[in-house]
Amino acid sequence: MTALLEVRALDKHFGGLHVTRAVSLALHVGDRVALIGPNGAGKTTLVNQVSGVIPPSRGSIVLAGEDVTKLAQAERVRRGLARTFQITTLAPHLAVQRQVELALFEREGLTGRAWRSIDGYPALAAEARALLAQLGLGEHAGLPTERLAYGEQRLVEMALALALRPKVLLLDEPMAGVPKSDATRLLAALDALPAALAVLIIEHDMDLVFRYARRIIVLADGAVLAEGTPDEIRAHPAVRNAYLGH
Ligand SMILES: Nc1ncnc2c1ncn2[C@@H]1O[C@H](COP(=O)(O)OP(=O)(O)OP(=O)(O)O)[C@@H](O)[C@H]1O
Ligand SMILES: [Mg+2]
């Protein structure tokens with residue numbers, strides 16, 4: 001099966017710091033992969049390279065068979081790659097529904113007309129409503145995002161990523177800072193992601209990782225230390241020593 005996303009021998013140096021070391025990985029249709037590793041292991045740096053925020057020092061990124069290493073973020077989005085950020089990046093004053101509408105306009109190449117009301121695009125308006133309902137945000141649609149609880153804001157970020165109809169979704173610590181009371185809704189949203197979507201999730205909560213992921217990649221000091229099923233990772237001696245701590 002052709003990979004939707006292939007990372008080939010990626011290296012990243014920040015000055016004298018070697019932060020990504022010969023990392024290779026692949027994501028396929030329907031994948032649920034967790035990328036784990038201690039603070040500073042290079043997880044966010046890897047996602048930043050894959051999504052085009054920063055260029056790799058060496059290596060390549062292939063999306064659905066096409067080398068996108070030199071392409072800008074927006075070009076990768078257009079080809080089916082979406083991500084969320086470790087720290088929230090929403091427009092605080094804009095209504096939730098409006099932000100989703102703008103993401104839909106962007107996907108449809110209608111950004112020049114973004115000042116228009118979505119009323120002229122009934123199919124997109126319906127899609128925005130359905131997406132917000134799917135994520136349990138329907139009743140907040142008219143509120144500015146700053147009025148939402150933090151966990152709900154993270155759901156809005158997921159809605160914006162999904163509005164792009166991605167083939168590959170990279171989630172950088174979607175649960176970070178989310179209180180227990182909101183965690184259930186986020187977990188439900190993760191469970192409800194489209195079956196064919198290839199998901200890579202960075203997460204420190206090992207209960208969530210081992211429940212959600214069908215494959216786990218362990219990063220340590222910028223390199224892949226291990227990769228396998230949850231059972232294989234649980235039993236992996238080097239992982240237990242380096243990361244799980246028991
Ligand atoms: N722009 C940058 N310039 C210099 N060093 C950087 C830069 N970005 C990240 N680093 C360094 O790269 C290393 C990896 O950082 P990164 O944020 O990728 O780790 P992480 O695995 O995502 O950690 P966390 O679990 O804390 O989010 C760290 O030592 C960090 O200080
Ligand atoms: Mg990080």
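The values are calculated or read from the model by the stated rules, or taken from the named source; none is laboratory data. Predicted model only: the values in this text are computed from it and were never measured. Every residue, glycine among them, receives a Cβ derived from its backbone with ideal geometry; neighbour counts consider all protein chains shown.
Which of the residues belonging to segment 141-170 are more than 16 Å from the chain's Cα centre (by Cα) and farther than 17 Å from residue 184 by Cβ?
Within segment 141-170, 141, 142, 143, 144, 145, 146, 147 meet the criteria.
Do we find that residue 44 is within 16 Å of ligand 2 (Cβ to nearest atom) and under 30 Å from residue 139 (Cβ atoms) in this structure? Walk me through it before giving the result.
Details: within 16 Å of ligand 2 (Cβ to nearest atom): yes; under 30 Å from residue 139 (Cβ atoms): no.
Answer is no for this residue.
Looking at segment 173-203 only, could you name the residues that are within 16 Å of ligand 2 (Cβ to nearest atom) and of a type outside the set (D, E, K, R)?
To start, the set of residues in segment 173-203 that are within 16 Å of ligand 2 (Cβ to nearest atom) comprises 173-178, 200-203.
Within segment 173-203, 174, 175, 176, 177, 178, 200, 201, 202 meet the criteria.
In segment 47-67, which residue that is more than 12 Å from ligand 2 (Cβ to nearest atom) and buried (at least 19 other Cβ atoms within 10 Å of the Cβ) is farthest from the chain's Cα centre (by Cα)?
Among those that are more than 12 Å from ligand 2 (Cβ to nearest atom) and buried (at least 19 other Cβ atoms within 10 Å of the Cβ), it is 56.
Which of (1) away from ligand 2 (no atom under 16 Å from the Cβ); (2) without any contact (Cβ under 8 Å) to a residue 40 or more places away in the chain; (3) of a type outside the set (D, E, K, R) does residue 145 not meet, given it meets every other one?
(2)
Contact list please: Cβ distance under 7 Å, first residue in segment 34-59 and farther than 19 Å from residue 175 by Cα and free of Cβ contacts under 8 Å to residues at least 60 places away in the same chain, second residue more than 7 Å from ligand 1 (Cβ to nearest atom) and of a type in the set (Asp, Glu), pairs at least six apart or on different chains.
Here the result reads 56/11; 57/11; 58/11; 59/11, each pair linking segment 34-59 to a residue that is more than 7 Å from ligand 1 (Cβ to nearest atom) and of a type in the set (Asp, Glu).
Just to verify a result, which residue in segment 167-195, among those that are within 16 Å of ligand 1 (Cβ to nearest atom) and over 25 Å from residue 61 (Cβ atoms), is surrounded by the fewest Cβ atoms within 10 Å (Cβ to Cβ)? Steps first, answer last, please.
Our first condition is that a residue be within 16 Å of ligand 1 (Cβ to nearest atom); within segment 167-195, this holds for 170-178.
Applying the additional criterion that residues be over 25 Å from residue 61 (Cβ atoms) yields 175, 177-178.
Working: 175: 19, 177: 13, 178: 21.
Residue satisfying both the conditions and the ranking: 177.
Residue 11 - would you say it is at pLDDT 95 or above, over 25 Å from residue 194 (Cβ atoms) and more than 16 Å from ligand 1 (Cβ to nearest atom)? Steps first, please.
Working: at pLDDT 95 or above: yes; over 25 Å from residue 194 (Cβ atoms): yes; more than 16 Å from ligand 1 (Cβ to nearest atom): no.
Against the criterion (at pLDDT 95 or above, over 25 Å from residue 194 (Cβ atoms) and more than 16 Å from ligand 1 (Cβ to nearest atom)), residue 11 does not qualify.
List the strands (runs of 3 or more DSSP E) that sit entirely inside segment 1-118 and contain at least 1 residues that are over 30 Å from residue 147 (Cα atoms). Let's see the steps before the verdict.
Working: elements: 5-14, 17-27, 32-36, 58-63, 81-84.
Correct list: 5-14, 17-27, 32-36, 58-63.
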